[in-house]
Amino acid sequence: MKAIVYVTLKPSVLDPQGKAIHHSVESLGYEGISDVRQGKYFEIAIDDTADTEASKAAVERIAKDVLANPVIEDYKVEMINGDR
Amino acid sequence: MKFGVVVFPGSNCDHDAYHAVSKYLGQPVDFIWHKETDLSGYDAVIVPGGFSYGDYLRAGALARFSPVMRSLRNFAAAGKYVFGICNGFQILCEAGLLPGALMRNAGLHFVCRHVNLRVENENTPFTSQYANGSVLSIPIAHAEGNYTCDDATLNALEENGQIVFRYSDAEGEISDEANPNGARSNIAGICNQDRNVLGMMPHPERACEELLGSNDGRGMFSSLAVSITRQSMLQ
């Protein structure tokens with residue numbers, strides 16, 4: 001079992017790195033791209049014997065306490081069974 | 001009086017802070033390895049600059065979980081002085097000892113130069129030797145110094161006099177041009193509500209010698225010494 005955690009900057013927070021990436025993409029000639037936001041992606045491997053709901057609750061706490069800074073970031077947790 | 005300087009793996013301004021205390025205050029100072037938990041006997045602890053844990057995850061995010069941080073929280077709650085400089089400021093924000101967060105500089109560059117700071121509150125244990133409105137020349141060296149917080153936090157900081165330093169020009173004018181990193185409201189340093197915890201991005205410990213371009217940073221260390229002396233007389 002795996003937990004996937006996405007950490008993204010809150011929409012109200014400026015993302016200068018995303019902006020710089022946006023500029024680079026535009027300089028390659030791609031049109032119609034209105035915005036780029038950069039975030040983080042985590043894969044957390046969990047014993048298959050563990051309870052899915054309890055594991056998800058634990059990962060939510062890990063995301064809130066460690067992986068994201070709630071002052072500036074949001075997070076989203078997905079649980080995946082089997083390989084990916 | 002006794003000072004401590006916390007050392008995390010990746011701290012690199014610990015010796016500068018040690019030097020500033022031992023040379024300019026002439027006071028005893030120890031390095032405190034981040035695995036230590038006993039802070040009894042210290043009057044002030046400096047959380048120095050550098051790249052604790054290689055800035056992995058976010059600047060200051062992992063240092064927050066070092067054993068010394070639990071003790072530092074109690075130390076601050078007991079009214080002792082905690083001084084976070086640069087990465088130390090980032091760590092104190094991550095640890096919740098100071099509000100807000102430090103993000104990537106608006107211009108994306110690592111900025112390393114002297115900047116002007118206007119003293120916004122002389123009534124703190126760290127700034128009593130300065131006057132409100134005085135302009136200090138202090139170096140910055142960071143890529144993540146862009147202070148941010150929500151509106152409610154900013155209002156509270158303003159109302160409680162917790163904004164201690166702002167980036168200004170040489171005349172003390174606050175402007176976007178004088179803001180090196182995009183920090184909200186030009187904030188360079190803040191304190192907690194009780195004013196015994198200060199965090200700032202600029203490096204006063206690097207501005208203690210004329211030879212290095214400025215000794216404007218000495219006042220912070222001498223202010224702290226005065227505060228510690230006063231505190232010990234009251235006890």
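The values are calculated or read from the model by the stated rules, or taken from the named source; none is laboratory data. Given the structure is predicted, the values throughout are model-derived calculations rather than measurements. Cβ placement follows ideal geometry from the backbone for every residue including glycine, while neighbour counts extend to all protein chains displayed. Each accessible area value is taken on the protein alone, full model and side chains, heavy atoms only, with ligands, DNA and RNA left out. Shrake-Rupley method; radii C 1.70, N 1.55, O 1.52, S 1.80 Å.
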- Residues (open to solvent by 10 Å² or more (accessible area, probe 1.4 Å), farther than 25 Å from B:D16 by Cβ and either among the small types (G, A, S) or at pLDDT below 95 (or both)) located in segment B:152-183: B:A152, B:A156, B:G161, B:S175, B:G182
- Item | Residue satisfying condition, being of a type in the set (V, I, T), within 18 Å of B:A59 (Cα to Cα) and within 14 Å of another protein chain (Cβ to nearest Cβ), within set A:I62, A:I44 | A:I62
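Pick from A:S12, A:S34, A:S24: which is part of a helix (DSSP H, G or I) and of a type in the set (S, T, N, Q)?
When all the criteria are applied, what remains is A:S24.
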- Selected residue [within 14 Å of chain B (Cβ to nearest Cβ), of a type in the set (G, A, S) and within 30 Å of B:P99 (Cα to Cα)] from A:S12, A:S24: A:S12
- Task: Check segment B:159-169 and report whether any residue there is within 17 Å of B:G199 (Cβ to Cβ), in contact with a strand residue (DSSP E or B) (Cβ under 6 Å, 6 or more places away or on another chain) and charged (D, E, K, R).
- Result: yes
- Message: Whether any residue in segment B:219-230 is touching a Cys at 6+ places or on another chain (Cβ under 8 Å), farther than 14 Å from B:P99 by Cβ and not hydroxyl-bearing (S, T, Y) is what I want to check.
- Response: yes
- Pairs with Cβ under 8 Å, 6+ apart, first in segment B:15-38 and without any contact (Cβ under 8 Å) to a residue 12 or more places away in the chain, second crowded, with 17+ Cβ neighbours inside 10 Å: B:S22/B:V29
- Query: Restricting attention to segment B:107-129, which residues are closer than 21 Å to B:S175 by Cβ and assigned to a loop (DSSP other than H, G, I, E, B)?
  - Reply: B:G107, B:L108, B:H109, B:E120, B:N121
- Task: Please work out if B:G84 is over 16 Å from the mean Cα position of the chain (by Cα), closer than 29 Å to B:L157 by Cα and either of a type outside the set (D, E, K, R) or surrounded by 21 or more Cβ atoms within 10 Å (Cβ to Cβ) (or both).
- Result: no
- Please work out which residue is surrounded by the most Cβ atoms within 10 Å (Cβ to Cβ), limiting yourself to segment B:37-81 and to residues that are within 14 Å of chain A (Cβ to nearest Cβ) and of a type in the set (A, V, I, L, M). B:A63
- Message: Looking only at segment B:184-197, how many residues end up being away from every other protein chain (no Cβ under 14 Å) and open to solvent by 20 Å² or more (accessible area, probe 1.4 Å)?
- Response: 5
